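The values are calculated or read from the model by the stated rules, or taken from the named source; none is laboratory data. The model shown is predicted, which means the values in this text are computed figures rather than measured ones. Cβ placement follows ideal geometry from the backbone for every residue including glycine, while neighbour counts extend to all protein chains displayed.
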Amino acid sequence: MSRSQFDELPQVYEDMFDLDWRVQLEMHSVLSLIGDVTGKSVLDIGCGSGVYSRRLNELGADRVVGFDASEQMLAHASRIEETKRQGIEYVDEPPLSDPGSFDLAIGVYVLPYAENYSELVDLCSIAGRTLRPGGRFLTLPINPDYDPRAEYYTPYGLRMLDTEPRADASRVRLELRFGRYQEDVIARYWTRPTLERALHAAGFDSIDWPPYRVSAQGISDRGEQYWRPYLDCPHAALIDCRKS
């Protein structure tokens, strides 16, 4: 995704957390996998409007740094930080001068915006270089097996369309359709072997692809049938890995 695409979307990304699937399924799954962050240092790669950074801070992380290439995303997150004063650091360059200083790195919808394999490895290496040995990296790429039917994900506020035959770095149009929003972004598709190769190249092993889980509140509010199509074939995958 280009900087211009990011710059137009801070409020869209913020308001996406009004959607049940982002809170009751995605964030619930991510935070459940992460577990206790009390006293830990966390790097949020591609932090966007800062939603995950703020939540991890609230859950007890000792240090949270949000990195993003978009000036407008960082400006949005920084304005919230000025009000909340949580002590979150927002930076426009990855903290590579401080290697091995983080316990955990997350990259929510970051890898899909690498335009070639070299950029994919570079993004993974931000986590690899900044994590301590044994540190974890949790990231959400496009699911290599996402459903090809454009309408499959419409109950969750989005549509996905192949714009060219699926292959490494092929373009996928993600259409955000919820509330007052009608926004399109272009992401990149990566195969499972290539994602794992890039993570290994960046110094990660124990690569796991855990399933999503819905919160009890989500089941109560929507019922199991609402969630079943997404759980059967999510639009994004979860990858959980550790630095060698």
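In table form, for the structure just shown:
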| read-out | value |
| --- | --- |
| Hits in segment 82-125 - residues which are crowded, with 20+ Cβ neighbours inside 10 Å and either farther than 27 Å from T194 by Cα or among the acidic types (D, E) (or both) | I88, Y90 |
| Condition check for L120: touching a residue at least 12 places away in the same chain (Cβ under 8 Å) and more than 18 Å from the chain's Cα centre (by Cα) | no |
| Test: residue in segment 210-220 that is closer than 22 Å to V121 by Cβ and out of contact with any Ser or Thr (no Cβ under 9 Å at 6 or more places or on another chain) | no |
| I126 vs. criteria under 24 Å from L9 (Cα atoms), among the β-branched types (V, I, T), in a helix (DSSP H, G or I) and at pLDDT 95 or above | yes |
| Residue tally, condition farther than 21 Å from R136 by Cα, in contact with a helix residue (DSSP H, G or I) (Cβ under 9 Å, 6 or more places away or on another chain) and of a type in the set (S, T, N, Q), over segment 187-226 | 2 |
| Residue within segment 60-72 that is more than 17 Å from Q11 (Cα to Cα), over 16 Å from the mean Cα position of the chain (by Cα) and surrounded by fewer than 13 Cβ atoms within 10 Å (Cβ to Cβ) present | yes |
| The listed residue being touching a residue at least 60 places away in the same chain (Cβ under 8 Å) and within 16 Å of the chain's Cα centre (by Cα), out of L33, L56 | L33 |
| Test for Y146: is it surrounded by 15 or more Cβ atoms within 10 Å (Cβ to Cβ), modelled with pLDDT of 95 or more and within 17 Å of the chain's Cα centre (by Cα) | yes |
| Selection count where residues are of a type in the set (D, E, K, R), modelled with pLDDT under 95 and either surrounded by 14 or more Cβ atoms within 10 Å (Cβ to Cβ) or touching a strand residue (DSSP E or B) at 6+ places or on another chain (Cβ under 8 Å) (or both), scope segment 176-214 | 4 |
| Residue check, Y117 at pLDDT 95 or above, farther than 23 Å from V37 by Cα and hydroxyl-bearing (S, T, Y) | yes |
